[in-house]
1. Does region 170-300 come out rounded, prolate or oblate, given a ≥ b ≥ c as the square roots of the eigenvalues of its C-alpha gyration tensor, rounded meaning a/c under 1.5 and, failing that, prolate meaning a/b above b/c?
2. Note the listed values (i) 147; (ii) 159; (iii) 190, then indicate which one is volume of the Cα convex hull per residue in Å³ calculated from this particular structure.
3. Can you give the helix-only mean residue ellipticity at 222 nm for the chain, where every DSSP H stretch with n ≥ 4 adds -39500 (n - 2.57) and the sum goes over all residues, rounded to the nearest 500 deg cm²/dmol?
4. With 10 angstrom as the radius, rank Cys25, Cys34 by how many other C-beta atoms surround their C-beta, starting from the fewest.
5. When DSSP assigns beta bridges and you keep just the ones with both residues in region 140-226, what percent turn out antiparallel, to the nearest 5?
6. Would you please name the chymotrypsin sites (Phe, Trp or Tyr not before Pro) within region 64-155 that are DSSP coil residues with at most 13 other C-beta atoms within 10 Å of their C-beta?
7. Quick check: net charge around Ile231, other residues with Cβ under 14 Å of its Cβ, Lys/Arg +1 and Asp/Glu -1?
8. Taking a ≥ b ≥ c as the square roots of the Cα gyration tensor eigenvalues, with a/c under 1.5 meaning rounded and otherwise prolate when a/b beats b/c, else oblate, which class fits region 30-82?
Amino acid sequence: MEKLKIGMIGCGYWGPNLIRNFSACPTTEVAAVCDANPARLATIGQAHSHLKLANTIDQLLDLPLDAVAIATPVSTHFAIAQRCLEAGLHVLVEKPLASNVHEAQTLIDLAERHQRVLMVDHTYLFNNAVRKIKELIEYGELGEIYYIDSIRINLGLFQHDVNVVWDLAPHDLSIADYLVDFEARSISAWGCAHTSRGTEDIAYVNVDYGDQMLANFHVNWLSPVKVRQMIFAGSRKSVVFNELNSTEPVKVYDRGIEFGEGAEGRRKLLVGYRTGDVWSPHIEAGEPLQAMVSHFAECIREGLTPLSDGWMGLRITRLLDAANRSLRAQGGRVVLSHGDFDHVNSDSSTIGPNERNSDRPRRPARPRRDFSLLR
């Protein structure tokens, strides 16, 4: 079977990782690399002498390619992906998909019009530890999810065109989107900037999913220590995902509280504490990035919809956009209307109990598309 020819756009921090994994994938080969930095391009050329080198998108699009992978600054994602889709190429975009909701929606429309695969590099969806948590949730091991608490902090790297929310939060927002099949109802964010550019380098993002389920995401470029941890607390059991624990990244805790039976028991706060076993499920070894590029190639060949497709990219971009508006409103709650416009409530008071007990809206199922891909 002839390998898919991949063009790599951007070979700075993340690009070399994609080049390595596309080269190792048995169904793909990196045919060309494009970067506006001549020195960086020369370095890639020395390490991979067989690659064609291009300084511009125009030069790259003149080459015989099947798909491109885009690993450039967020502000450039839309323009580059648009050019490549219009040229008839399948597109993989580094997270987040675009810098605003309109751009993300436009890329989805373009991909559907040209019948091309559009996929976002939300690599954690291909992490075996995250997939194990998905399995535990789907089998009912955790029961009803009460809350998600996430910490993603480290020292640097400061980005030039986005704040810390747009840089780090897409990882955890995409994990939550994958694991919890509910639409967010509102979002609030608080942050601080400690440089003259005024770009937030520390932030707390709160997402309300309704029905008394909350998620909190702490992202930080200033921490002296690196922490990558998420807690998924359920009515039956809870899971702690510690990415930095290479031997036991997932731990299941049979610990929690049990309310008294019926409304009377809850009213009188009849709470019992449950302390049970802690266990670590076996996690299969595997590189998430390799699984991601293999999935991208499979979707192109088989006409499948990617797990992290454009619609997921749109949902994450929408949450990031709402978080940004909340930051500008000093923590004002942004109500997600699931329509054309969202509402910013400058009064960040909590939602009342009657409102919070309403049913959580589930995401409408997206039909799996059978692309008529001409090879």
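Bear in mind that the values in this text are calculations on the coordinates, not laboratory data. Please read all numbers here as calculations on a predicted model, not as lab measurements. Here the Cβ is made from the backbone with ideal geometry for all residues, glycine too, and neighbour counts use every protein chain on show.
1. oblate
2. (ii)
3. -9500 deg cm²/dmol
4. So the residues, fewest neighbours to most, are Cys25, Cys34.
5. Within region 140-226, antiparallel bridges account for around 70 percent of the total.
6. Tyr139
7. Local net charge: +2.
8. Taking the square roots of the gyration eigenvalues as a ≥ b ≥ c, region 30-82 is oblate.
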